[in-house]
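First up is the structure itself, then whatever we jot down about it.
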Amino acid sequence: MKILANDGISAKGISLLEKNGFKVMTTTVAQNQLGNFITSNNVQGLLVRSATKVDKDLIDACPNLKLIGRGGVGMDNIDVAYAQQKGIHVINTPAASSKSVAELVFAHLYGGVRFLYDANRNMPLEGDSKFKQLKKSYGNGKELSGKTLGIIGFGRIGQAVAKLALGAGMKVLFFDPVLDEVSLTLSFFDGQSVTFNLLRTEKEELLKASDFITVHVPAQKKYVLGKKEFDLMKDGVGIINAARGGVIDEVALVDALESNKVSFAGMDVYESEPRPEIRILMHPKISLTPHIGGATNEAQDRIGIELAEQIISYFK
């Protein structure tokens, strides 16, 4: 049985599949050629990440397809309902990348409060000629410890972010429409653990009380953070989006940055991805990464293994 991992899969995932009799193909096929490739090669399982789109037309073009797998959490690039209607099994790996995304959120947070995103731009250009001036410019950073982090969306990734925040000595507020209370257990290297019981904070209160806000929701039909929400926030708030492009109104975000309502933003995803707007890319108060939240070696191994185990379980 042939499996096409069109956006790649880890060596550990390939090895596990091959040991169980599957042939894994890692050719990256262009979107407009994918249907023909799957049909002509009798591919029965298609694995994707965020790059490949699995829409109704592709599903209709692949009558032999029995399984679609998404390496990651969100499946907005897959027409899940239509695939299931056609009898195709759809899987994803919701837990595999949570830690990696959470750590990227904190990379943006730590870089934001100490201006690393800007210092790393200017030090190569002016570090030898304006060292003292740069030292003064970047010398009024903040500590995360003791500050309040607001988390909008409290699924696996939101909870992973909360654990890092609690470990860093932050107060955590969360808003999620379907959760009222969550118990989080922090486990440490020596076997000790501490459990925190968190109660939901309503969105408006979270916006007003948080020093930093990070969004962890699936793709939305309307903005989660727009002008109205920015107006409610503290002056100097920091904003992180490592969830989905389009959950934050980027025009309103830039306006909030220009007025100093928002002190910095960290962005891993973009409304117009894969061609982010120039105003975002060039803004001196935005820390930028190219949609790499789950792109760590550890996460890729977990994703590959989890996909492989689900495929083996389904077909055997």
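The table below gives the values:
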| quantity | calculated |
| --- | --- |
| Of ARG200, ARG275, ARG49, the one that fluctuates the most in a GNM where the chain has Cα springs shorter than 10 Å | ARG275 |
| Residue-span extension gain [VAL80 to LEU281] - 0.36 nm each, minus C-alpha spacing | 69.1 nm |
| Top of PRO276, PRO290, PRO124 by mean-square fluctuation, Gaussian network on the chain, Cα under 10 Å | PRO124 |
| Solvent-accessible ranking of TYR82, TYR270, largest area first, probe 1.4 Å | TYR82, TYR270 |
| Cα gyration tensor category, rounded, prolate or oblate, for the stretch 257-316 with a/c compared to 1.5 | prolate |
| Rounded accessible area per residue of the chain, 1.4 Å, Å² | 50 Å² |
| Solvent-accessible area, 1.4 Å probe, carbon plus sulfur percent, for the chain | 51 percent |
| Contour minus Cα-Cα distance for VAL90 and GLU309 (0.36 nm per residue) | 77.5 nm |
| Per-bin percent of Cα-Cα distances, the stretch 193-311 [10 Å] | 12, 38, 29, 17, 4, 0 |
| Environment charge at VAL262 (Cβ cut-off 13 Å; Lys +1, Arg +1, Asp -1, Glu -1) | -4 |
| In Å², nearest 10: area of VAL194 left accessible to a 1.4 Å probe | 70 Å² |
| Nearest-ten-degree value, helix 297-315 long axis tilted from longest Cα axis of the chain | 30 degrees |
| Table column - 3J(HN,Hα) (Hz), the stretch 162-179, Karplus curve with 6.51, -1.76, 1.60, x for Gly and Pro | 4, 4, 5, 5, 4, x, 8, x, 9, 8, 10, 10, 9, 10, 8, x, 10, 10 |
| Area of SER259 that stays accessible when all protein chains are in place (1.4 Å probe, Å², to 10) | 80 Å² |
| Residue-count net charge about ARG114 - beta-carbon cut-off 13 Å; Lys, Arg +1, Asp, Glu -1 | 0 |
| Antiparallel %, DSSP beta bridges [both residues in the chain], to 5 | 15 percent |
| By accessible area with a 1.4 Å probe, ligands and nucleic acids excluded, highest first: order of ASP249, ASP128, ASP268 | ASP128, ASP249, ASP268 |
| Beta bridge orientation in the stretch 172-247: antiparallel %, DSSP, nearest 5 | 65 percent |
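The values are calculated or read from the model by the stated rules, or taken from the named source; none is laboratory data. Quick caveat: nothing in here was measured; it's all calculated off a predicted structure. Reconstructed Cβ throughout: ideal geometry from the backbone, glycine too, with neighbour counts over all protein chains shown. Surface areas here come from the heavy atoms of the whole protein model, side chains and all, with no ligands, DNA or RNA. Shrake-Rupley method; radii C 1.70, N 1.55, O 1.52, S 1.80 Å.
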